[in-house]
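Taken together, the values in this text are just the output of simple stated rules run on the coordinates, not laboratory data. Predicted, not measured: the structure shown is a model, and the values here were computed from it. Here the Cβ is made from the backbone with ideal geometry for all residues, glycine too, and neighbour counts use every protein chain on show.
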Amino acid sequence: MPELPEVETIARHLNEALPHRTFGRVVVSRTDIIHGDPRPLGGVLTGRRILSVRRRAKRLVIELEPDIHLVFHLGMSGRLTLSPYRRPIEPHTHLRIVVRGTGQELRFRDPRRFGGVWCLTGNGEYVGKRLGKLGLEPLDMTLKDFRRLVDRNRQIKALLLDQGIIAGLGNIYCDESLHAAGIHPLTPASALDPAQVPCLLKAIKGTLRKAIRFKGTTLIDYRTADGLEGSFRTKLRVYHREGQPCQTCGTAIERLIVAGRSTFICPQCQA
Ligand SMILES: [Zn+2]
């Protein structure tokens with residue numbers, strides 16, 4: 001599932017290509033993935049100027065004039081690409097939006113359909129409510145914020161995965177950050193040593209920034225906005241490396257289940 005670095009990679013690319021452009025023809029192949037404003041999407045979007053593209057949590061938000069926000073949730077298998085409109089259309093492409101004057105169109109493809117598109121017409125406060133309860137952005141968190149958030153009697157990994165507390169982290173980057181900080185995922189957050197808290201925050205930010213530099217992690221489905229794979233997979237130190245040696249100490253990486261999710265740890269480094 002795309003997490004913060006993957007969505008950030010797509011948002012940065014689109015934010016270089018789209019602002020000041022105008023949306024043209026809209027083709028919806030599956031209406032059940034479109035939510036929000038009940039009017040036909042073409043009627044709302046065609047002819048509207050794009051102001052910006054940004055990420056909030058794991059969602060991508062395209063802001064248009066006036067007070068229109070098009071929100072994409074990539075779910076498990078969603079892809080949002082900017083493709084030449086002469087390129088063949090892949091199966092499961094549910095939405096296409098021409099970007100006038102570029103020869104390109106935005107394509108949203110989602111075979112498993114856990115994702116979707118929300119067309120939100122209204123002021124920023126309304127849009128914020130429709131995005132749901134989302135916690136702090138990890139890259140913006142101060143140590144003071146983080147100390148307050150982790151002062152809870154919950155397993156640290158479950159807490160980091162909770163989008164209502166910290167928004168954007170998922171399975172890959174939780175496991176990588178906990179390994180980088182040398183913390184076992186089952187540790188109660190409130191039992192972390194005072195010195196471990198800044199260490200973990202530094203590990204989270206460092207891992208996310210590095211993953212953004214490598215344009216995210218492609219395991220199966222994720223692609224950047226130009227349809228390429230993210231290359232952070234080659235940098236993973238524990239995630240999906242069960243049985244392989246820890247790159248820090250050589251111990252075999254183990255897999256366990258935490259908060260219902262496959263979790264990868266080095267039993268030596270994260271004792
Ligand atoms: Zn190790």
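Rounded to the nearest 0.05, what FRET efficiency is calculated for Cys249 and Lys133 with R0 set to 35 Å and r the Cβ-Cβ distance?
Working: r = 39 Å, r/R0 = 1.12.
After rounding to 0.05, the efficiency reads 0.35.
Using 7 Å Cα-to-Cβ label points, what is the Arg30/Arg87 separation (nm, one decimal)?
Inter-label distance under the simple model: 2.0 nm.
Over the range 1-103, what is the relative contact order in whole percent, taking alpha-carbon pairs under 8 Å and six or more residues apart?
On the way: 145 pairs, mean separation 37.2, N = 103.
Across the range 1-103, relative contact order equals 36 percent.
Using square roots of five times the C-alpha gyration tensor eigenvalues, list the equivalent-ellipsoid semi-axes of the chain in whole Å, biggest first.
Working: eigenvalues 262, 83, 44 Å².
They are 36, 20, 15 Å, listed largest first.
When only Cα pairs under 8 Å and 6 or more residues apart are kept, what is the percent relative contact order across the chain?
Working: 558 pairs, mean separation 50.3, N = 271.
After rounding, I find 19 percent.
Setting aside same-chain residues fewer than 8 positions from Lys129, which lysines have a Cα under 21 Å from its Cα?
Lys58
Under a crude label model (7 Å from the Cα following the beta-carbon direction), how far is Ser262 from Arg100 in nanometres?
4.7
Per DSSP helix of 4 or more residues, -39500 (n - 2.57); summed, then divided by the residues of the chain. What does that give at 222 nm, rounded to the nearest 500? Display every interim value, and only then the final one.
Values: 7 runs with 68 residues, N = 271.
One gets -7500 deg cm²/dmol as the mean residue ellipticity at 222 nm.
Which whole-angstrom value gives the distance between the alpha carbon centres of the range 1-55 and the range 219-252?
Value for the Cα centre distance between the two parts: 29 Å.
Label points 7 Å out from Cα along the Cβ direction at Thr142 and Arg39: separation in nm?
4.3
Quick one: work out Rg over Rh on the C-alpha atoms of the range 1-58, Rh as Kirkwood radius. Please report the intermediate quantities before stating the final value.
Details: Rg = 13.2 Å, Rh = 13.1 Å.
Ratio value, two decimals: 1.01.
Please report the antiparallel percentage of the DSSP beta bridges confined to the range 24-130, to the nearest 5.
Of all bridge pairs located within the range 24-130, approximately 90 percent are antiparallel.
Output the relative contact order of the range 174-251, whole-number percent, from Cα pairs under 8 angstrom with separation of 6+ residues.
Values: 63 pairs, mean separation 21.2, N = 78.
Relative contact order of the range 174-251: 27 percent.
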